[in-house]
Amino acid sequence: MSDCLFCKIVEGEIPCDKIFENDQVIAFRDLNPQAPTHILVIPRKHISTVNELTADDKNIVGEMVLAAQAVAKQEGIEESGYRLVMNCNEGAGQTVFHIHLHIMGGRRMNWPPG
Ligand code: 5GP
Ligand code: ZN
């Protein structure tokens, strides 16, 4: 998708603070962090929202969660705790329409979220 911000990050057209990558996913620091550790995991493949996922994408979703686990360990928040969030559509707060998993930690996380 030529006009997708996160596809441009995947292609290296827009810089990011990359901290993890493999053949399926990339993880980088959020530009506007909402917690001391706030990292996004995105698939290399363009998928606009969780609603567009299909059974063929099962492996991608699994890779996203496993990448988040590895990043949490790397960041030293695996024991203190972290939150994984995927916002789907505007009403849930999605602003970039290329799916991404937020990893947030390093502070007490409240429940329910706002
Ligand atoms: P959403 O609101 O769609 O769930 O999350 C999008 C996230 O992407 C936001 O937390 C926002 O701060 C982050 N973001 C938006 N543009 C950029 C960018 O150019 N670079 C990085 N690293 N993060 C971005
Ligand atoms: Zn995209």
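The values are calculated or read from the model by the stated rules, or taken from the named source; none is laboratory data. Only a predicted model underlies this, so the values are computations on that prediction, with no experimental measurement involved. FYI the Cβ positions are ideal-geometry reconstructions off the backbone, even for glycines, and counts take in every protein chain you see. The accessibility values were calculated without ligands, DNA or RNA, using every heavy atom of the protein model including side chains. Shrake-Rupley method; radii C 1.70, N 1.55, O 1.52, S 1.80 Å.
Within the range 7-18, which residues are near ligand 1 (Cβ under 8 Å from one of its atoms), surrounded by 11 or more Cβ atoms within 10 Å (Cβ to Cβ) and under 16 Å from the mean Cα position of the chain (by Cα)? Full working, then the answer.
Step one: list which residues in the range 7-18 are near ligand 1 (Cβ under 8 Å from one of its atoms), which gives 9, 14, 16-17.
This time we only want the ones that are surrounded by 11 or more Cβ atoms within 10 Å (Cβ to Cβ), so: 9, 14, 16.
Result: I9, C16.
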Considering residues that are touching a His at 6+ places or on another chain (Cβ under 6 Å) and surrounded by 18 or more Cβ atoms within 10 Å (Cβ to Cβ), the number found within the range 19-61 is 2
Can we say V71 is out of contact with any Cys (no Cβ under 9 Å at 6 or more places or on another chain) and among the β-branched types (V, I, T)?
yes
In the range 1-34, residue nearest to ligand 2 (Cβ to nearest atom) [restricted to those that are part of a strand (DSSP E or B) and in contact (Cβ under 8 Å) with a residue 40 or more places away in the chain]:
V25
Residue ID - farthest from A27 (Cα to Cα), chosen from residues in the range 62-90 that are open to solvent by 50 Å² or more (accessible area, probe 1.4 Å), without any contact (Cβ under 8 Å) to a residue 24 or more places away in the chain and not in a loop (DSSP other than H, G, I, E, B)
E90
